[in-house]
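To keep things clear, I will list the structure first and then write my remarks on it.
Please treat every number below as a calculation from the coordinates, not as lab data. As the structure is a computational prediction, the values presented were derived from the model and not from experiment. Here Cβ is always computed from backbone atoms with ideal geometry, including for glycine, and neighbour counts include all displayed protein chains.
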Amino acid sequence: MRPSIPARWYFDLVSPFAYLHLKRFGELHPALDVELVPVLFAGLLKHWDNKGPAELAPKRLHTYRSCVWSAAQHGIPFRMPPRHPFNPLHAMRLLVALGSPRAAVDAAFDFVFGEGRDVAAEWPLFCARLAIAADEATALIADPAVKQQLIDNTAAAAAQGVFGVPTLAVRGENFWGSDTIAWCNAFVENPQMFASGEMQRVAEIGVGAARKEVS
């Protein structure tokens, strides 16, 4: 029997691409033993001094349309919530407090992008979907240890080169995006993929020009 390969899946509930990726986990290489790790996408953006796709008006619309298209292609139920981006902080802290079990993460993403619901406006119902009472959930997310764990998860992800969600980290390599499943699976079968040929060469290419910072 082939031994399992540990992997970490970094996600934020705000990401529709993370929802689409999660829904296709059945396509991941069977040797992967995936740990679900909640992070804050906003924290990653701040760390890398980057902007999210929803922060650029034309890219925002393109992103939403892309998600609708991709969901339809894969037969995945999909409906954007009434407001996006939204603040996922409380929901992410709750997932941390619950230990990020697959059932709870699935339920959270289904609520937001399967049904298109508003976490903040429907907090008691959101909590119920995660099998916890709203008052108990509110107490859990106020725990300083829970708050710090989410911060630490995000910092650790950034330190490992994670710049966006979803990202699947396998054997020290990061596969970002909902469209990298086949690539990741190929890497599992061929761990030396990046060590030769053009894959190796592209890692050594120098920067030829860089944007000047606006003063």
Straight-distance crosslink candidates among lysines, where the alpha carbon sits under 25 Å from Lys59 and sequence neighbours closer than 8 are dropped: Lys23, Lys46, Lys51, Lys212
Charge context of Gln160, other residues only, Cβ under 14 angstrom, K/R +1, D/E -1: -1
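Once the cut-off is 21 Å, how many percent of the Cα-Cα pairs in the stretch 5-202 end up in the long-distance tail?
Values: 10334 of 19503 pairs.
So the portion of pairs separated by more than 21 Å is 53 percent.
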Per-bin percent of Cα-Cα distances, the stretch 123-215 [10 Å]: 12, 24, 28, 20, 13, 3
Residue among Ser15, Ser196, Ser178 with the largest mean-square fluctuation in a Gaussian network model of the chain, springs linking Cα atoms under 10 Å: Ser196
21 Å tail of the calculated P(r), the stretch 59-142, as % of Cα pairs: 32 percent
Gln149 paired with Val68, simple spin-label distance in nm, labels 7 Å along Cα-to-beta-carbon: 3.8 nm
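Gain in length, Ala156 to Asn50, computed as 0.36 nm per residue apart minus the alpha-carbon separation, to one decimal in nm?
Extending this stretch completely gives an extra 36.4 nm.
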Kyte-Doolittle mean at least -1.0, axial Cα span of 20 Å or more - DSSP H helices of the chain: 57-73, 144-159
Percent antiparallel among DSSP beta bridges (both partners in the chain, rounded to 5): 55 percent
Gain on full stretching of the segment that runs from Phe194 to Thr180 - 0.36 nm per residue minus C-alpha separation: 3.5 nm
